[in-house]
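The structure appears below as structure tokens.
The values are calculated or read from the model by the stated rules, or taken from the named source; none is laboratory data. Note that the coordinates shown come from a computational prediction; the quantities given were computed from them, not determined experimentally. So basically every Cβ, Gly included, is an ideal-geometry build from the backbone, and we count neighbours across all protein chains shown.
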Protein chains: 2
Amino acid sequence: MEAASFVTFGQYLRPNFYFLLLIFLQNGPPIVEGVWPLPQTFTSSIERYPLSPEAFYFEYGSQSAAQQGCSVLDGAFMRYFPLLFPDYTGNGVLRLYGDKPFHLVVTVDRDDCESYPHEDSSERYNLSVSARQASLNAETVWGALRGLETFSQLVYQDDFGSYFVNKTDIADFPRFQFRGILLDTSRHYLPVQTILQTLDAMAYSKFNVFHWHIVDDPSFPYQSRTYPDLSSKGAFHPMTHIYTQSDVRRVISHARLWGIRVLPEFDSPGHTKSWGKGQSDLLTPCYKGSSLSGTFGPVNPILPSTYQFMATLFKEVSLVFPDSHIHLGGDEVNFSCWSSNPDVRAFMKKMGFGVDFTKLEAFYMENIVNITSALNKTAIVWQDVFDYHERRSSLSVVEVWKGGCYLCEVRRVVKAGLRVILASPWYLDQPGPTHNWARFYTVWPLAFKGTEEQKKLVIGGEVCMWGEYVDATNLTPRLWPRASAAAERLWSDEKQTSSVDKAFPRFQDFRCKLVRRGIRAEPLYVGHCKHEYQGR
Amino acid sequence: MEAASFVTFGQYLRPNFYFLLLIFLQNGPPIVEGVWPLPQTFTSSIERYPLSPEAFYFEYGSQSAAQQGCSVLDGAFMRYFPLLFPDYTGNGVLRLYGDKPFHLVVTVDRDDCESYPHEDSSERYNLSVSARQASLNAETVWGALRGLETFSQLVYQDDFGSYFVNKTDIADFPRFQFRGILLDTSRHYLPVQTILQTLDAMAYSKFNVFHWHIVDDPSFPYQSRTYPDLSSKGAFHPMTHIYTQSDVRRVISHARLWGIRVLPEFDSPGHTKSWGKGQSDLLTPCYKGSSLSGTFGPVNPILPSTYQFMATLFKEVSLVFPDSHIHLGGDEVNFSCWSSNPDVRAFMKKMGFGVDFTKLEAFYMENIVNITSALNKTAIVWQDVFDYHERRSSLSVVEVWKGGCYLCEVRRVVKAGLRVILASPWYLDQPGPTHNWARFYTVWPLAFKGTEEQKKLVIGGEVCMWGEYVDATNLTPRLWPRASAAAERLWSDEKQTSSVDKAFPRFQDFRCKLVRRGIRAEPLYVGHCKHEYQGR
């Protein structure tokens, strides 16, 4: 009567085979199960070194540009210690005389400790683990963070709880510079704690961009300094369901310490119903025949006041969010309200747009892009804007989200000389069987005809977790570990990671590591983790 | 770019309409949103009474057969106090002089405080709420528990946090006597805490049977006193992934206090791979041609030692689990191993079974049913056993789980005079869109041609949560609130609860109540709860 009888498995799952394999791994000799996402080059041996939490030291190399006091690395050392030694209580009762010290020596070329990670930040690192010492070298502190994560995944415990690390050499760097996760805090409000924990889990999979789809039709939780009515009237609740300036700073600061950029999205002209509650005359009044219907459509693109408002709002946003990029949305604009409105129609005529409302949207987006350019921000837009836009040269980065032949769209965008972020294959918000992780793994973002230069314009990809059916109750198991499948695709070498079969046991092991770290990552198939999730 | 553009909604969802409705309910006059599952008769008025945690008293009525010291009700009073007054810290700083006392007076006809709920236990109750007093009357303490749950759902807070309850009269009883949830602790181990929390949530939806599918192919976590090798060799881990006798007692005791029966399932002869690890000669050795293949099939039905083992095991089980019923499984037996084995074939010949292995299975099940009958247990079996069995008179209760025309099967079973539990429409383990809750709601268990007597043989239904893709990380949001849709179908009057449209806002509200109680019940659609889930 069990459910399996209804499920068709892909050949790659081979549950029994892997089940036996895992059993073997548990009872056999201690083996490092690997690192997720897979490093670019990885050599390890069965030679292993014991580690003792009482005699383990993080150190800055003598040649390191960053030294003690470096907020990013000092913080990372604090965070990784309990991740390396999850059982260690600090009581030290069992401290063994003569534990040999082990030094993890971190050397970075640049002291970028107080900066923010940005789109060109190097995340390259080299990690060499030998007896009593590991050397971690990176150009930037962000690279060092990635190396610390890798090191933490190399450490394991035997059946008696002792810690070990094997002799290992790694030279690693990301395949794509943009590896993002989108959270939608408008359709459901996500408590700040939930966002912070998601940032933690992102770092475990080496994601480096948190795309914060902060507002949308259902609610406007961002508490603006300039326009406080937007949240006091547009949020689900003006006190409990908002992000204060302090909340936003906390998110950005937490993300920075993990080497994660925060990319805010203020989507317009569509998806803005909630904006209208706190800002009168912003949305287009819709008509029914010759009289006002009482409802409102997208942002009103014909009023100068609209652009004054947007300029002021985006000026604030550009100061609050330090990232050089901003997401302007621009997707799914419904033209029926615009076309019902006689003033809009008159404006169209005046501008020579005829009845082509895509021109009106392009006109609007052009204005918004100019506003943000003047604030020194590079705009990212959803593919709709590219599809409608004639003067594409004003665009910079296009996010491809629609289904169907998404690589055809990628190709069109790069042929126009614009950069691309790919989201289409990684819509994880829709509930699906956990074992469909392979669907998110077997994605080939560069499998289109194009020159090397064009392929370089694909700067990365993004997992989208829209909020219709997702809030703090179910976000984590819906996101993890499936998002990590996308993470490996975006970080690792494609040839080395093309086999789902080979990835599966390493992925199972990584999922157990997430669970051990308190992340409610759901199971991939029948089996167990040495340490199951114990929370409620 | 959001996911909604990919989703087709049933007409019943009307998200915008309900969204507006909920807004109204929150800002409008305080309204009791209702009780889930819907009571059989329910009258309430807008007359409301303030409640103060400092002046609220649970009391036994002077005519009540149970009085102070009744473990079930004393315990329930303790548990429901914080559920009634979730903000109350007990500091009493804000105690207002002159809070008028409110008494909830509970009267039961029978002192069944130290017993276990059983299949015929009355769960009927009457609840009358008026100024400064509520009267809760029931035949049994189990009925009183259901009434306490209902009362707890009537209490609400206004925007200032004050508590109120409206004048209400309720006469209530369950439509079906068997309202179960199956958890599978073999495919993944579920920590005891996770089981206990599921029992709590079950009580909130008035479920009354925990069907514990405790062992299966992948692991044998039940620690038997008589056969300790079964878990020491058959569990995922002999120490950390088992249920000790004390764990089992804790589950049974916790369930009892919520009026929930614990129905253990020891499924055989199939689904027993893990049994073979700790009990040699129990499983059938499979052959490849004329030699042993080294693999094992179902329980070996031809050896007297098999039945001796089963008699001893079930004797233990019958003592450990107090319920009068036991689930014997009997599903999905693969005959290929049996038919490969020459000894089995010789036995078939001797018994005159020809090559019909269903007869062998029926023979085996007959023996097991006899063993458990002798232990005074009523057997429940999966429908396969009914389908194969010729001497159906030895069967009592059949659980229908297969898809297709499940009501056809229900009809066949009741025509044979046997009782039925319906599970087919309530397989919730497969991930699906949250908004498919209506699929689990619009189930009509008695919509088959049959006499009144035959329909009475449908004793209830069960939600199945198989464990292939489910463990402690994702059990709760996958189970709740969708299982509650089944709960209303099994408790409430069908005519009053036939409309998904009408149920939706009450269901949204109930889901928020679950979240408020710390249950990670996932959202049904865009929106918010006054108190979002705050855990990690």
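Filter segment A:173-191 down to the residues that are outside any strand (DSSP E or B) and more than 10 Å from chain B (Cβ to nearest Cβ), then identify the one that is farthest from the chain's Cα centre (by Cα).
A:173
Among the candidates B:438, B:447, which residue alone is in a loop (DSSP other than H, G, I, E, B) and of a type in the set (A, V, I, L, M)?
B:447
Is there a residue being hydroxyl-bearing (Ser, Thr, Tyr) and over 22 Å from residue A:472 (Cβ atoms) anywhere in segment B:465-482?
no
Confirm whether residue A:488 is assigned to a strand (DSSP E or B), at pLDDT 95 or above and more than 9 Å from every other protein chain (Cβ to nearest Cβ).
So residue A:488 does not fit the description; no.
Within the bounds of segment A:439-455, is there any residue that is within 14 Å of another protein chain (Cβ to nearest Cβ) and either in contact with an Asp or Glu (Cβ under 7 Å, 6 or more places away or on another chain) or farther than 30 Å from residue B:518 by Cα (or both)?
Checked against the condition, which is being within 14 Å of another protein chain (Cβ to nearest Cβ) and either in contact with an Asp or Glu (Cβ under 7 Å, 6 or more places away or on another chain) or farther than 30 Å from residue B:518 by Cα (or both), segment A:439-455 yields at least one hit.
Condition test on residue B:442, is it of a type in the set (Val, Ile, Thr), at pLDDT below 95 and either buried (at least 21 other Cβ atoms within 10 Å of the Cβ) or in contact with a helix residue (DSSP H, G or I) (Cβ under 8 Å, 6 or more places away or on another chain) (or both)?
So residue B:442 fails the test.
So if I check each of B:299, B:333, B:320, B:369, which one is away from chain A (no Cβ under 14 Å) and farther than 25 Å from residue B:261 by Cβ?
So the residue among B:299, B:333, B:320, B:369 that is away from chain A (no Cβ under 14 Å) and farther than 25 Å from residue B:261 by Cβ is B:299.
Search segment B:494-536 for residues being among the hydrophobic types (A, V, I, L, M, F, W, C) and outside any loop (DSSP other than H, G, I, E, B), and hand back the single one that is nearest to the other protein chains (Cβ to nearest Cβ).
In this case the residue turns out to be B:515.
For a quick check of your reading of the model, give me the residue pairs whose first member lies in segment A:468-486 and is without any contact (Cβ under 8 Å) to a residue 60 or more places away in the chain, whose second is aromatic (Phe, Trp, Tyr) and in a loop (DSSP other than H, G, I, E, B), with beta-carbon atoms closer than 8 Å and at least 6 apart or on different chains.
Correct list of pairs: A:469/B:525; A:473/B:533.
What's the number of the only condition in (1) more than 8 Å from chain A (Cβ to nearest Cβ); (2) closer than 18 Å to residue B:436 by Cα; (3) in a helix (DSSP H, G or I) that residue B:477 fails to meet?
(1)
Residues to consider are A:506, A:511, A:482; find the one that is out of contact with any strand residue (DSSP E or B) (no Cβ under 9 Å at 6 or more places or on another chain), closer than 30 Å to residue B:511 by Cβ and among the basic types (Lys, Arg).
Going through A:506, A:511, A:482 in turn, just one is out of contact with any strand residue (DSSP E or B) (no Cβ under 9 Å at 6 or more places or on another chain), closer than 30 Å to residue B:511 by Cβ and among the basic types (Lys, Arg): A:511.
Name the one entry in A:381, A:398, A:385 that is under 26 Å from residue A:453 (Cβ atoms) and outside any strand (DSSP E or B).
Unique residue meeting the criteria: A:385.
If I ask for residues that are among the polar types (S, T, N, Q) and either assigned to a helix (DSSP H, G or I) or without any contact (Cβ under 8 Å) to a residue 12 or more places away in the chain (or both), which ones from segment B:221-239 would you list?
B:231, B:232
Looking at segment A:55-71 only, could you name the residues that are at pLDDT 95 or above, in contact with a Phe, Trp or Tyr (Cβ under 8 Å, 6 or more places away or on another chain) and among the small types (Gly, Ala, Ser)?
Listed by number, the list holds a single entry, A:66.
Name every residue in segment A:314-362 that is under 25 Å from the mean Cα position of the chain (by Cα) and among the aromatic types (Phe, Trp, Tyr), in order of residue number.
Correct list: A:314, A:321.
Looking only at segment B:253-261, decide whether some residue is among the hydrophobic types (A, V, I, L, M, F, W, C) and touching a His at 6+ places or on another chain (Cβ under 9 Å).
yes
Output the number of the condition that residue A:459 fails; it satisfies all remaining conditions of (1) closer than 19 Å to residue A:175 by Cα; (2) out of contact with any Phe, Trp or Tyr (no Cβ under 7 Å at 6 or more places or on another chain).
(2)
Just the residues that are aliphatic (A, V, I, L, M) and more than 14 Å from residue B:510 (Cβ to Cβ), please, taken from segment B:485-494.
Passing the criteria: only B:490.
Could you check segment B:368-378 and list, in sequence order, the residues that are among the polar types (S, T, N, Q) and outside any helix (DSSP H, G or I)?
The answer is B:376, B:378.
Could you check segment A:401-427 and list, in sequence order, the residues that are under 18 Å from residue A:449 (Cβ atoms) and among the aliphatic types (A, V, I, L, M)?
Passing the criteria: A:407, A:410, A:413, A:414, A:416, A:418, A:420, A:422.
Within segment B:470-496, can you find the residues that are crowded, with 21+ Cβ neighbours inside 10 Å, within 15 Å of residue B:35 (Cα to Cα) and not basic (Lys, Arg)?
Matches in segment B:470-496: B:481, B:484, B:485, B:486, B:487, B:488, B:490, B:491, B:492.
Which residues, taken from segment A:203-220, are within 15 Å of residue A:465 (Cβ to Cβ) and part of a loop (DSSP other than H, G, I, E, B)?
A:205, A:207, A:214, A:216, listed by residue number.
Looking only at segment A:410-425, filter to residues that are within 14 Å of chain B (Cβ to nearest Cβ) and of a type outside the set (A, V, I, L, M); which one of those is surrounded by the most Cβ atoms within 10 Å (Cβ to Cβ)?
If we take residues in segment A:410-425 being within 14 Å of chain B (Cβ to nearest Cβ) and of a type outside the set (A, V, I, L, M), then A:424 is surrounded by the most Cβ atoms within 10 Å (Cβ to Cβ).
For residue B:428, all conditions in the list (1) within 14 Å of chain A (Cβ to nearest Cβ); (2) surrounded by fewer than 24 Cβ atoms within 10 Å (Cβ to Cβ); (3) modelled with pLDDT under 95 hold save one; what is the number of the exception?
(2)
Out of the residues in segment B:142-172 meeting the condition of being aromatic (Phe, Trp, Tyr) and more than 23 Å from the chain's Cα centre (by Cα), tell me which one is nearest to residue B:464 (Cα to Cα).
Only one residue fits best here, namely B:156.
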